[in-house]
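Structure first, commentary second.
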Amino acid sequence: MHMDPNVSPIIAIEHLSFTFPDNTVALKDVTVDIAPNQVFVVFGPSRSGKSTLLRVLNRLSDLSEGAQRQGRVFFNGRDIFSPAVDVTELRRRLSMVFAIPTPLPGSIFDNLAYGLRMAGIRDAQTIERRITRALEQAALWDEVKDRLQSSAFALSGGQKQRLCLARSLAMEPDVILLDNPTSGLDPLSTATVEDSLIELKSRYTIIMVPHSVQQAARVADRAAFLMGGELIEAGTGRQMFANPKDRRTEDYVVGRFG
Amino acid sequence: MLKTEQAASLPAAQAETTPSRRHSGEWWIEQIIRGAGLSTIFIIGLIFLFLLREGLPAFVRISPLNLLGVRWYPIEELYGLLPLLVGSLLVTVGAVVIAVPLGLITAIYLGEIAPLWQRELLKPLIEVLAGIPSIVLGFLGWVALAPLVQQAGAPTGLTAFTGALILAYMSLPTIISISEDALYAVPKEYRDASLAIGATEWQTIWRVVVPAARSGIVIATVLGIGRAIGETMAVMMVTGNAANIPSLATGMFFQPVRTMTATIAAEMGEVAQGSLHYQALFAIGIVLFLLTFAINSLASMLIGGGKQQRSSQL
Ligand SMILES: Nc1ncnc2c1ncn2[C@@H]1O[C@H](COP(=O)(O)OP(=O)(O)OP(=O)(O)O)[C@@H](O)[C@H]1O
Ligand SMILES: [Mg+2]
């Protein structure tokens, strides 16, 4: 789990365990560092704790009443669970996009402006500028620029997914958490999203649960393999998918189980 | 089972014997269901006809000027409906203004904010509240609430406001539980999506969850009002039962009034069947019927509109 010693990690996860109130252990003693301006892929079989890990990182996991967490997570060197941290501000810095696209009721514009307005940004010009930029970054601008006022529900599945990505990007976060952002997308839309991700990493750190091992291999700078809530192995994308060290990673990567 | 499958898959000639037997059974079931369904409509029709037959003559025999007058005083053949209409309106509007915000806020608290143990304690309590016979509430209002209202400065404790409070209390359980169901039905993903980009919990509830539950909240409100309008006895006990139009000057809500329902209930026992007074009471019934019908239609228009909007969005 070593990386370039010259860059300090943007996120450091130390001995993180997470248990749901029904005693499901979703994460077991996970330790890993995530460097800035990379695509960091978290992959593994179903129910291995990938979504849980992402949700802990921006403390959406706080919503699980009665869940237990051990260990620590540092974001830019600060413990995200310290009482001094403003959760809302944290979630603006680490913004999350879900597997199922979740446009909110309202127009495309409203969806994109929502987070900004909630953050107290009132200036119409600022909002417009950030929305335009976010839509361009999410490769959606050309398709919706003429109908920003129409309902977000009228978009296609792929467009909705990119809308949700744009909604997060408009917040100008430091980290984008993507939980399977191309599930249910056709290959063409998938390629569009993947391309924009690779472009986005110059400005953002991207932590992503991939749709498939192939996708993981395509986009990962670094990758971590989870199984049963345990971090089996982490390394560069090349090493993880071409030459995994652990037997279980290898089995999964070549498709022997999972 | 096997027979029906064969009947469905075999050519008509071979299946000829089975359908007739199956059909005769189904025919009967169908007729019974149809009869039950139609009888409901038939009975509603009968009620309406009866109401019209008994009440319509009043509109002919009593001059329009009298009917629109400001005094309801049957002994002197004064049948002004206005004070009763105003009475009903004041009590109902008052109840809605009190109950809807309170019910919605309670539902939000229960569904979104309260910790689990409070939820588990409060929900059954609210159901108990719904089960209290309205006459008991009326009694409570009379002995406990009315003195408080008077102490607060009203000329008497038995006022439109007191009635509105009691009615609000009666419609609260309906409004709370149905609004809460509506809030609960809002997909968890909406909340996640809103929180995940840094909206606060409160912003999420107010800007995402409540608007998404809008049509359910409208239903809750309408059912709540429905309960309020039809309620008679409890209101009669606490509103002072005075068929006056309250004067604007001294605070309309803090004077005695009498509602339409209360008037019918109070006077029905003493009128001779077929008399003018009797017909006038039925005329009130017609007005009530039309009002309720109008409110229900308005409600289904609102709900229908909401639904349509939603389905066109999805
Ligand atoms: N809200 C919850 N309450 C209880 N258990 C949960 C909850 N959410 C997830 N779990 C459990 O935690 C474990 C990890 O789930 P998680 O969703 O993180 O897996 P995942 O790797 O994202 O799976 P998938 O690939 O299917 O999305 C699973 O056993 C799951 O059943
Ligand atoms: Mg998942």
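If contacts are Cα pairs under 8 angstrom and at least 6 residues apart, what is the relative contact order of segment A:11-253 in percent?
Across segment A:11-253, relative contact order equals 28 percent.
Roughly what % antiparallel, to the nearest 5, for the DSSP beta bridges in the protein assembly as shown?
About 55 percent, rounded to the nearest 5.
Could I get the Rg over Rh figure for chain B? Both from C-alpha atoms, Rh via Kirkwood, rounded to two places.
1.12
Would you kindly compute the Cα radius of gyration of segment B:97-145 and its largest Cα-Cα separation (Dmax), both in Å?
When restricted to the Cα atoms of segment B:97-145, Rg and Dmax are 13.2, 36 Å.
For segment A:11-253, with every protein chain kept in place, what is the accessible area per residue (1.4 Å probe, Å²)?
Normalised by residue count, the accessible surface of segment A:11-253 is 41 Å².
Give me the aspartates and glutamates in straight-line cross-link reach of A:K201: C-alpha distance below 20 Å, same-chain residues under 8 apart excluded.
The qualifying aspartates and glutamates are A:D4, A:D33, A:E136, A:E172, A:D174, A:D179, A:D221.
Going by a ≥ b ≥ c, the root eigenvalues of the Cα gyration tensor, does segment A:76-123 fall in the rounded group (a/c under 1.5), the prolate group (a/b larger than b/c) or the oblate group?
Oblate, since a/c reaches 1.5 and b/c is not below a/b.
Taking the mean number of other Cβ atoms within 10 Å as a proxy for protection, how do you rank B:120-132, B:79-91 from highest to lowest?
B:79-91, B:120-132
Accessible surface of A:D186 in the full protein assembly, 1.4 angstrom probe, to the nearest 10 Å²?
Around 70 Å² of this residue is reachable by solvent.
Radius of gyration and Dmax for segment B:143-208's Cα atoms, expressed in Å?
Computed over the Cα atoms of segment B:143-208, radius of gyration and Dmax are 19.7, 55 Å.
Taking the Cα centre of each part, how many Å lie between segment B:275-299 and segment B:114-153?
After rounding, the separation between the Cα centres reads 30 Å.
Rounded to the nearest 500, what is the protein assembly as shown's calculated 222 nm mean residue ellipticity when only DSSP H runs of at least 4 contribute -39500 (n - 2.57) each, over all residues?
Computed ellipticity for the protein assembly as shown at 222 nm equals -17500 deg cm²/dmol.
Restricting to Cα atoms and excluding each atom paired with itself, what does the Kirkwood estimate give for chain A in Å?
For chain A, the Kirkwood estimate is 18.8 Å.
Restricting to Cα atoms and excluding each atom paired with itself, what does the Kirkwood estimate give for segment A:100-187 in Å?
With all distinct Cα pairs of segment A:100-187 included, I get 13.0 Å.
What's the carbon and sulfur percent of chain B's accessible surface, probe 1.4 angstrom, rounded to a whole number?
With neighbouring chains kept in place, the figure for chain B is 70 percent.
In debye, nearest 20, what is the charge dipole magnitude of the protein assembly as shown about its Cα centre with +1 on Lys and Arg Cβ and -1 on Asp and Glu Cβ, if you could check?
I would put it at about 340 debye.
Can you pull the percent of Cα pairs in segment A:1-126 with separation above 18 Å?
In whole percent, the share of Cα-Cα pairs in segment A:1-126 beyond 18 Å is 61.
Please give the helix A:108-118 orientation as an angle from the longest Cα principal axis of chain A, in degrees from 0 to 90, rounded to the nearest 10.
Helix A:108-118 sits at roughly 70 degrees to that axis.
When the convex hull of the Cα atoms of the protein assembly as shown is projected onto a plane and the area is averaged over all directions, what value comes out in nm²?
40.2
Treating the beta-carbon of each Lys and Arg as +1 and of each Asp and Glu as -1, no other charges, what is the dipole magnitude of segment A:32-98 about its Cα centre, to the nearest 20 debye?
Charge dipole of segment A:32-98: 140 debye, to the nearest 20.
Please report, ordered by residue number, every helix of chain B (full DSSP H runs) that is 20 Å or longer along its axis going by C-alpha atoms and whose mean Kyte-Doolittle hydropathy reaches 0.0.
Membrane-span-like by this criterion, though nothing is claimed about a membrane: B:17-61, B:82-108, B:116-131, B:160-184, B:214-230, B:276-313.
What size of dipole, in debye to the nearest 20, comes out for chain B about its Cα centre when the only charges are +1 on Lys and Arg C-beta atoms and -1 on Asp and Glu C-beta atoms?
Using Cβ point charges on Lys, Arg, Asp and Glu, chain B gives about 360 debye.
Amide H neighbours of A:L178 under 5 Å, counting only residues 5+ apart in sequence or on other chains, H built in-plane at 1.01 Å?
Answer set, sorted by chain and number: A:V97, A:I207, A:M208, A:V209.
The values are calculated or read from the model by the stated rules, or taken from the named source; none is laboratory data. Quick caveat, the model's predicted, so the values are computed rather than measured. For neighbour counting, all protein chains shown are included, and Cβ atoms are generated from backbone atoms with ideal geometry for every residue, glycine included. Just the protein is used for accessible areas: all its heavy atoms, side chains included, with ligands, DNA and RNA removed. Shrake-Rupley method; radii C 1.70, N 1.55, O 1.52, S 1.80 Å.
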